[in-house]
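To start, the structure under review is shown below, and the notes come after it.
The values are calculated or read from the model by the stated rules, or taken from the named source; none is laboratory data. Every value quoted in this text rests on a predicted model; they were computed, and no experiment measured them. We place every Cβ from the backbone using ideal geometry, glycine too, and count neighbours over all the protein chains shown.
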Amino acid sequence: MRIAINNGHLIDPKNNISEKFNIGIENGKVVELSKDILTGDKVIYANGLYVTPGFIDMHVHEDRIIDGNIRINIFEKLLKMGVTSAIGGNCGIGIENINEYLKLVDFGFPINYGTLLPHEILRKHINIHDRYANLDNKNIEQMYHFGKNLIKENGLLGISFGIEYIPGIDFNELMTLARLGKNRVVSAHLREDGENVLNSLGELLEIGRFNDTHLQISHIGSMAGYGQMNKFLNEIENKKEQGVKIMCDCYPYKAFSTLIGSAVFDNNYIENHNFSYEQLQIASGPLKGNLCTKEIFEQLRKTAPETLVVGHMMLEKDIDMAILNRNTIVVSDGILTETGEGHPRAAGTFPKFLKEYVKEKKLLSIEEAIEKITSTPAKILGINKGSLEIGADANITIFSLDEIEDQATFENTSLPPKGIKYVIINGEIALIDNEILSFNSGKSIRKYL
């Protein structure tokens, strides 16, 4: 089917285009850009709308396989936000049977999906389940060779670490396994946040001195968003000037989310950061919506460690600083339970970003904002996405900036946004005005060197 999109304002940051263009799509590709009105089997009239490459969410936490199928939840929320491609396996955690997962994606999926190699599954492969365990060279080499085969056979996009989640990882393990990200991506949730975040950044930056890789620092708002952001971003800029390939990602919320049983909260985290337990909101389970007390916190840690919590602790000025920085892309870091409980970022990130930073605060131009969620993440990943040039994959988001608005809240995390008019994935119309027309247009994203 040939699709024509007429009368829209096209933004393609990769090719420095921001003007009215009409687009022709055939066989899953962009085949024509013209000032003339185009015809097709399906014609979309995009008067007053922006037509952009489909949004790329480089940091998600994917739905799980249940009874042999992927239980679609977060990927539906991403599609409704205008996301056409998402990358999982972040923070060192993810799907263990990567081959099976990618095969299921290729049978037909709501959006395009690729994954990093999660460090945690390498430790599980050698039966190491103690997150504080230090490993010897033999174990590390076993993990390295297992990981190398996984990346090669499945076209994975790099490797990710959740250093704070597995504190036992030492520099030898980190440096050795980071070699798996050569000519790909090494993504990391740093070892510590807050006052110790600069030391943790320094640990990761050492990798850039010895490995030819792109370093991607995860969710810097929840790492340096407590008053350290200016120094943190300056250090990133200094290292880039010295030739280290490094970028960051951030979501546009001043509240983080993680499992209450994770190592983040080990070693008196709340007291050491001078936070209060009431700043933690329970995001899943029977107590959802309640604020923690010390007693509730300790009880859930013991009896329900998989409970999601939201920490309302970050500074708005630090989040703004991170989002606006030229070395930062915007991601959702979306994570939901099977029943859809979690943080509103999973359903609201990209509309919220456009509404607040472009429409309301006017801190970014529409072109700068679209670059952060299309061409820049595509360039980091080295994938053929994020542009609307002739021959590009036809992954396209059409939206109204006047109407764009996130509706997901901390009380109702799954409400869909307003203003996303059409989403086209691989040449098929997948969504019109929050109505999903196709759950099967997406394919796996792989990178073979």
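Numbers below:
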{"quantity": "Selected residue (only one of Met143, Met175 is surrounded by fewer than 20 Cβ atoms within 10 Å (Cβ to Cβ) and aliphatic (A, V, I, L, M))", "calculated": "Met175"}
{"quantity": "Of the criteria (1) closer than 18 Å to Cys250 by Cβ; (2) of a type in the set (Val, Ile, Thr); (3) buried (at least 21 other Cβ atoms within 10 Å of the Cβ), which one Val358 fails", "calculated": "(3)"}
{"quantity": "Residues of region 397-416 satisfying the condition of being within 18 Å of the chain's Cα centre (by Cα) and either among the charged types (D, E, K, R) or closer than 20 Å to Glu26 by Cβ (or both)", "calculated": "Thr397, Asp406"}
{"quantity": "Test: residue in region 82-100 that is in a helix (DSSP H, G or I), at pLDDT 95 or above, over 25 Å from His219 (Cα atoms) and not polar (S, T, N, Q)", "calculated": "yes"}
{"quantity": "Residues satisfying the stated conditions in region 101-115, i.e. crowded, with 21+ Cβ neighbours inside 10 Å and modelled with pLDDT under 95", "calculated": "none"}
{"quantity": "Residue satisfying condition, being small (Gly, Ala, Ser), in contact with a His (Cβ under 9 Å, 6 or more places away or on another chain), touching a residue at least 60 places away in the same chain (Cβ under 8 Å) and closer than 30 Å to Ala430 by Cβ, within set Gly114, Gly94", "calculated": "Gly94"}
{"quantity": "Residues (outside any loop (DSSP other than H, G, I, E, B) and of a type in the set (Lys, Arg)) located in region 273-306", "calculated": "Lys294, Arg301, Lys302"}
{"quantity": "Tally of residues being over 15 Å from the mean Cα position of the chain (by Cα) and among the hydrophobic types (A, V, I, L, M, F, W, C) across region 206-220", "calculated": "2"}
{"quantity": "Selection count where residues are surrounded by 15 or more Cβ atoms within 10 Å (Cβ to Cβ) and without any contact (Cβ under 8 Å) to a residue 40 or more places away in the chain, scope region 149-165", "calculated": "1"}
{"quantity": "Members of region 339-351 found to be part of a helix (DSSP H, G or I) and charged (D, E, K, R), listed by number", "calculated": "Arg345"}
{"quantity": "Test: Ile380 is over 17 Å from the mean Cα position of the chain (by Cα) and more than 22 Å from Ser441 (Cα to Cα)", "calculated": "no"}
{"quantity": "Some residue of region 266-278 being buried (at least 21 other Cβ atoms within 10 Å of the Cβ) and among the hydrophobic types (A, V, I, L, M, F, W, C)", "calculated": "no"}
{"quantity": "Pairs with Cβ under 7 Å, 6+ apart, first in region 352-375 and in a helix (DSSP H, G or I), second modelled with pLDDT of 95 or more and acidic (Asp, Glu)", "calculated": "Lys352/Asp406; Lys355/Glu405; Lys355/Asp406"}
{"quantity": "Residue that is more than 28 Å from the chain's Cα centre (by Cα) and surrounded by fewer than 21 Cβ atoms within 10 Å (Cβ to Cβ), where the choices are Ile3, Ile65, Ile72, Ile37", "calculated": "Ile37"}
{"quantity": "Total residues in region 64-79, condition in contact (Cβ under 8 Å) with a residue 40 or more places away in the chain and assigned to a loop (DSSP other than H, G, I, E, B)", "calculated": "4"}
{"quantity": "Verdict on Val43 being over 23 Å from Ile370 (Cβ atoms), outside any loop (DSSP other than H, G, I, E, B) and out of contact with any Cys (no Cβ under 6 Å at 6 or more places or on another chain)", "calculated": "yes"}
{"quantity": "Matching residues, region 199-245, being among the hydroxyl-bearing types (Ser, Thr, Tyr) and farther than 17 Å from Val264 by Cβ", "calculated": "Thr213"}
{"quantity": "Test: residue in region 252-263 that is over 30 Å from Val358 (Cβ atoms), modelled with pLDDT under 95, over 18 Å from the mean Cα position of the chain (by Cα) and of a type in the set (Ser, Thr, Tyr)", "calculated": "no"}
{"quantity": "Given (1) modelled with pLDDT of 95 or more; (2) crowded, with 21+ Cβ neighbours inside 10 Å; (3) closer than 21 Å to Pro118 by Cβ, number of the condition Ile207 does not satisfy", "calculated": "(1)"}
